[in-house]
Amino acid sequence: MHCEILWKILSLIVITSKEVRTFEVKIKVSIKIQIIPKNNPWSYIVKWGVSLVEIEIKKNNKEKYMQLDRVIERYKQQEGMLIRILQKAQEIFGHLPIEVQSYVSDRLDIPISTVNGVVSFYSLFSEEPQGKYTINVCMGTACYVKGSQEILKTIEEELHIREGETTLDKLFTIKVTRCIGACGLAPVITINEKVYGRLSPSDIPGILHTYIKTNKKAAIGEEVKA
Amino acid sequence: MNLSPIKTYGALKELRSSFSNQISIRAGDKSVENEITKYHILVCSGTGCTSTESNEVRKKLEKELKKRNLDDKVKVFKTGCFGFCKLGPIIAIHPEHTLYCKVGLENVDEILERHIKHGEILKELLYKSPKTGQYQRNINDIDFFNSQRRIALRNCGVINPEDIREYIAVGGYSVLAQMLNNKTPAQEIVESLKKSGLRGRGGGGYLTGKKWELALSYEGDKKYVLCNADEGDPGAFMDRSILEGDPHSVIEAMIIAGYCIGADQGYVYVRAEYPIAVERLEIAIEQAKKMGLLGNNILGSDFSFDLDIRLGAGAFVCGEETALIKSVMGFRGEPNPRPPFPAEAGLWEKPTLNNNVETYANIPIILQKGADWFVNIGTEKSKGTKVFALAGQINNTGLIEVPMGTSLRTIIYDIGGGIHDNKEFKAVQTGGPSGGCIPKSMLDIKIDFESLADVGSMMGSGGMIVMDETDCMVDIARFYLEFAQHESCGKCVPCSIGTKRILEILERITKGKGKMEDLQILEDLCLDVKDSSLCGLGQTAPNPVLSTLQYFKDEYIAHIKDKTCPAGVCNSLLKVVISDEKCIACGICARICPVNAITGEHKKPPFKIHQEVCIKCGNCIQKCPVDAIYKR
């Protein structure tokens with residue numbers, strides 16, 4: 001039974017790697033090993049089982065990796081470009097999963113611990129996938145005394161997620177940022193590049209709705225094209 | 001834009017005189033009557049105004065002018081921050097220096113029709129002085145501007161930051177060209193900087209001339225010039241505005257620094273949160289390279305200097321010198337103990353000169369006008385001016401520049417226009433997370449580096465947050481400690497663990513669970529963290545707690561003993577109550593209360609909230625039709 005599953009997985013890998021090159025297969029397998037002692041302490045019965053947890057097929061990131069290659073090629077010669085390369089990598093992939101980090105570490109020939117150290121140190125790097133729109137709520141002092149906490153609370157309530165989380169439809173991620181320097185317009189939020197200032201909690205639903213609406217329109221547009 | 005390299009000092013002078021005629025209109029030169037161009041419209045393109053659609057206004061102006069065939073007569077330009085962010089988008093019309101506030105897309109037609117065609121002033125867009133109630137047309141008459149003295153911000157709101165020729169026209173790069181032409185000895189430049197008494201504007205206040213001298217004195221086969229534009233202090237945005245409005249002044253100063261200490265490579269470390277500043281800086285560097293002002297053999301001399309941008313990635317500690325250097329090299333931005341100072345061993349262990357954006361912006365003008373001119377501005381120990389970012393509960397939020405020694409009262413009441421909604425002033429917080437809160441009784445102190453340190457605060461990078469009676473000082477202290485704790489890099493124990501413990505005590509107090517002995521523990525802990533932390537972050541992080549403990553101890557005591565928050569901020573200490581007079585006994589509140597904490601009889605006021613049951617969700621406050629329910 002287990003061998004059958006394994007065999008299927010292997011054949012799937014072979015098929016996908018040979019013919020369907022535009023897909024990447026991620027297979028999660030869990031192996032259970034049970035060690036049961038027999039009557040005497042020096043012999044055991046070992047039982048083991050394999051079960052398939054999930055098969056995830058995603059689009060191949062080959063093009064993205066090629067893009068990353070070009071970035072690395074461009075900055076490789078200069079000293080101290082790790083942060084810049086990671087910034088570009090995040091632009092390409094949207095976030096920095098461990099595979100990308102290990103790829104960068106291989107290509108630059110620096111330990112992955114150093115790469116991960118940098119990624120985990122700076123708040124602009126993210127190891128988790130981000131929503132299409134990142135909402136940054138400014139928590140600088142000026143915004144704080146002007147009630148940015150209320151704004152954050154309203155956004156959290158509207159989207160039913162907490163700060164640092166992403167909505168299930170991968171549309172919004174809420175983040176807290178420290179001062180974007182638009183203190184004259186406090187309280188301020190940014191959604192991707194766009195800045196919204198002089199806000200009150202009652203403005204939030206309207207702003208979020210415009211994004212949901214444009215996204216729906218875009219999705220319908222894509223469907224029509226397809 | 002057609003830019004060709006300049007090879008000599010003479011060529012630069014020529015360009016300067018030919019181009020300065022083109023922008024003389026902005027200085028109010030009326031002799032342009034005979035020329036074709038009669039108006040210059042400058043549209044603020046700083047972050048503040050851009051987020052209120054100033055770009056759209058500018059594009060519409062250009063489009064409409066073209067439509068009306070007025071595009072020869074009227075020219076539209078981008079410009080840097082005017083500082084009056086509260087009333088953005090702002091546009092200025094020259095030669096008569098008219099300043100229009102809150103200009104929307106709908107006003108564009110009117111401006112062209114009435115102002116440009118018929119010379120009529122649009123009263124509804126002018127600034128109205130809250131003091132006198134009069135409309136103020138001329139930019140120089142407005143209260144917000146006339147108490148200021150702009151040195152570092154001299155070109156913001158005057159020139160187009162995306163055109164290097166405009167910077168040259170107002171005298172830019174002439175000091176550098178003169179220096180290269182005359183082969184001025186480095187020692188002479190350092191001497192005049194020392195004589196000017198300019199001190200680092202990033203917060204520390206170290207003498208800039210001395211720093212340069214130190215960097216000059218160390219030998220090295222390679223040296224670096226750094227610019228710290230990692231403006232992490234929440235509530236400070238002067239460096240961003242300078243980079244957005246006048247990037248060339250910083251570039252010129254960095255080239256001069258390179259010439260002076262013998263460096264051929266510079267880096268500007270900018271926060272990635274400032275996309276417009278980064279873009280302007282990129283444009284400026286590119287233009288300077290095209291003009292031969294950056295790169296090999298600058299202006300035909302044998303001096304070469306190159307400049308690169310490094311983007312920060314969101315870590316406050318990188319504002320600290322040694323951490324910044326680590327980050328420029330591409331590593332985790334963790335600070336190192338000093339000495340060795342960067343002047344001796346900085347980037348890649350080479351001598352490195354590091355200054356703040358505002359410091360650099362001051363340098364070309366000091367060298368141009370001479371140290372004696374600069375010495376006459378400011379106080380005995382702090383020379384020149386300082387840019388402050390005014391924000392919080394104040395009427396005119398924005399960016400201001402005043403001579404050192406100006407009183408807090410002048411800044412808050414004359415320039416800032418007083419407290420928002422006529423509320424009572426409580427405190428002003430300077431220096432960001434490293435500074436302290438200054439109470440009302442000290443409004444008359446003349447601000448400079450020393451006076452602020454004397455009252456337990458610091459200059460910092462120049463954020464100034466005004467607070468009124470509705471702000472709880474314990475909560476503000478907690479806010480800053482939360483920030484410091486979050487941004488602590490974790491390298492040294494006093495900072496990473498000490499700030500955590502301070503934060504825990506403060507959280508306890510704001511939740512009404514504090515004890516009186518906590519105050520003593522808090523003070524001791526703060527002093528310990530201050531003394532034993534590795535870098536500036538930890539050494540100054542307790543300042544907001546210490547200064548609020550010093551000046552607002554009664555608020556701490558009210559939280560601990562009376563379990564109340566006098567300002568009505570700390571949620572756990574508030575009660576939701578129904579006003580007996582206002583209540584109409586409609587019963588809505590009782591119906592929506594999720595825990596049935598409200599009882600009362602229909603049409604028989606008042607209703608009552610049972611505090612022991614109430615969970616303070618606030619639903620009743622929102623739903624009450626007569627606003628009879630509030631938090632106290």
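The values are calculated or read from the model by the stated rules, or taken from the named source; none is laboratory data. What you see is a predicted model; the values in this text were computed from it and never measured. Cβ sites come from the backbone with ideal geometry, for glycine too, and all protein chains shown count toward neighbours.
Overview of results
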| item | result |
| --- | --- |
| Residues that are buried (at least 24 other Cβ atoms within 10 Å of the Cβ), within 14 Å of chain A (Cβ to nearest Cβ) and more than 21 Å from the chain's Cα centre (by Cα), drawn from the range B:207-256 | B:Y224 |
| Scan of the range B:473-516 for residues that are more than 14 Å from every other protein chain (Cβ to nearest Cβ) and not in a helix (DSSP H, G or I), ordered by number | B:C492, B:K511, B:G512, B:K513, B:G514, B:K515 |
| Residue in the range A:61-76 that is touching a strand residue (DSSP E or B) at 6+ places or on another chain (Cβ under 7 Å) and at pLDDT below 90 present | yes |
| Verdict on B:E188 being in a helix (DSSP H, G or I) and under 30 Å from B:S54 (Cβ atoms) | no |
| Any hit, the range B:490-504, residues being surrounded by 19 or more Cβ atoms within 10 Å (Cβ to Cβ) and acidic (D, E) | no |
| For B:Y267: the one exception among (1) outside any helix (DSSP H, G or I); (2) within 14 Å of chain A (Cβ to nearest Cβ); (3) within 20 Å of B:S4 (Cα to Cα) | (3) |
| Residue selected from the range A:203-226 under the condition touching a residue at least 24 places away in the same chain (Cβ under 8 Å) and touching a helix residue (DSSP H, G or I) at 6+ places or on another chain (Cβ under 9 Å), by the criterion surrounded by the fewest Cβ atoms within 10 Å (Cβ to Cβ) | A:P205 |
| Residue within the range B:423-436 that is within 12 Å of chain A (Cβ to nearest Cβ) and among the aliphatic types (A, V, I, L, M) present | yes |
| Criterion (touching a residue at least 60 places away in the same chain (Cβ under 8 Å) and among the β-branched types (V, I, T)) met by exactly one of B:I276, B:I251, B:I285 | B:I276 |
| Out of B:S241, B:S249, sole residue that is among the polar types (S, T, N, Q) and more than 29 Å from A:N136 (Cβ to Cβ) | B:S249 |
| In the range B:79-99, the residues that are among the β-branched types (V, I, T) and either within 14 Å of another protein chain (Cβ to nearest Cβ) or part of a loop (DSSP other than H, G, I, E, B) (or both) | B:I90 |
| 1 or more residues under 30 Å from B:E273 (Cβ atoms) and not assigned by TED's automatic domain parsing to the domain that holds B:M238: qualifying helices (runs of 4 or more DSSP H) within the range B:1-76 | B:47-50, B:54-67 |
| Answer from A:E163, A:E150 - the residue that is surrounded by 12 or more Cβ atoms within 10 Å (Cβ to Cβ) and within 11 Å of chain B (Cβ to nearest Cβ) | A:E150 |
| Subset of the range A:115-142 (residues that are assigned to a helix (DSSP H, G or I), at pLDDT 90 or above and surrounded by 16 or more Cβ atoms within 10 Å (Cβ to Cβ)) | A:V115, A:N116, A:V118, A:V119, A:F121 |
| Residues (of a type in the set (G, A, S), on the phi < 0 side of the Ramachandran plot and free of Cβ contacts under 8 Å to residues at least 60 places away in the same chain) located in the range B:370-408 | B:S407 |
| Failed item, numbered, when B:A585 is tested on (1) assigned to a loop (DSSP other than H, G, I, E, B); (2) in contact with a helix residue (DSSP H, G or I) (Cβ under 9 Å, 6 or more places away or on another chain) | (2) |
| From B:L534, B:L546, residue being of a type in the set (A, V, I, L, M), touching a helix residue (DSSP H, G or I) at 6+ places or on another chain (Cβ under 9 Å) and part of a helix (DSSP H, G or I) | B:L546 |
| Unique match (being of a type in the set (S, T, Y) and over 20 Å from B:S488 (Cα atoms)) among B:S327, B:S304 | B:S304 |
| Scan of the range B:166-179 for residues that are of a type outside the set (V, I, T) and crowded, with 22+ Cβ neighbours inside 10 Å, ordered by number | B:E166, B:Y167, B:G172, B:Y173, B:L176, B:A177, B:M179 |
| Test: B:I598 is surrounded by 13 or more Cβ atoms within 10 Å (Cβ to Cβ), touching a helix residue (DSSP H, G or I) at 6+ places or on another chain (Cβ under 6 Å) and over 30 Å from B:D475 (Cα atoms) | no |
| Residue in the range B:294-308 that is more than 27 Å from B:A186 (Cβ to Cβ) and either not assigned by TED's automatic domain parsing to the domain that holds B:I168 or not acidic (D, E) (or both) present | no |
| Subset of the range B:316-348 (residues that are surrounded by fewer than 23 Cβ atoms within 10 Å (Cβ to Cβ) and within 12 Å of chain A (Cβ to nearest Cβ)) | B:K326, B:M329, B:G330, B:F331, B:R332, B:E334, B:W348 |
| Residues satisfying the stated conditions in the range B:550-578, i.e. closer than 13 Å to B:M516 by Cβ and not acidic (D, E) | B:K553, B:Y556, B:I557, B:A558, B:H559, B:I560, B:K561, B:K563 |
| Complete set of residues in the range A:70-85 that are over 22 Å from B:K350 (Cα atoms) and away from chain B (no Cβ under 12 Å) | A:R70, A:V71, A:I72, A:E73, A:R74 |
| Qualifying residue in the range B:529-545 (condition: over 20 Å from B:A484 (Cα atoms), among the aliphatic types (A, V, I, L, M) and either surrounded by fewer than 18 Cβ atoms within 10 Å (Cβ to Cβ) or modelled with pLDDT of 95 or more (or both)) | no |
| Per-region count, the range B:618-632, residues part of a loop (DSSP other than H, G, I, E, B) and out of contact with any strand residue (DSSP E or B) (no Cβ under 9 Å at 6 or more places or on another chain) | 3 |
| Neighbours by Cβ (under 6 Å, 6+ apart or cross-chain): first from the range A:121-133, free of Cβ contacts under 8 Å to residues at least 60 places away in the same chain; second among the basic types (K, R) and crowded, with 16+ Cβ neighbours inside 10 Å | A:F121/B:R332 |
| Residue that is farthest from the other protein chains (Cβ to nearest Cβ), among those in the range A:178-210 that are among the small types (G, A, S) and over 12 Å from B:T52 (Cα atoms) | A:G206 |
| Criterion: under 20 Å from the mean Cα position of the chain (by Cα), among the polar types (S, T, N, Q) and modelled with pLDDT of 90 or more - qualifying residue of A:T177, A:T173, A:T154 | A:T173 |
| Single residue of B:K117, B:K128 found to be of a type in the set (D, E, K, R) and either within 25 Å of A:C183 (Cα to Cα) or crowded, with 18+ Cβ neighbours inside 10 Å (or both) | B:K128 |
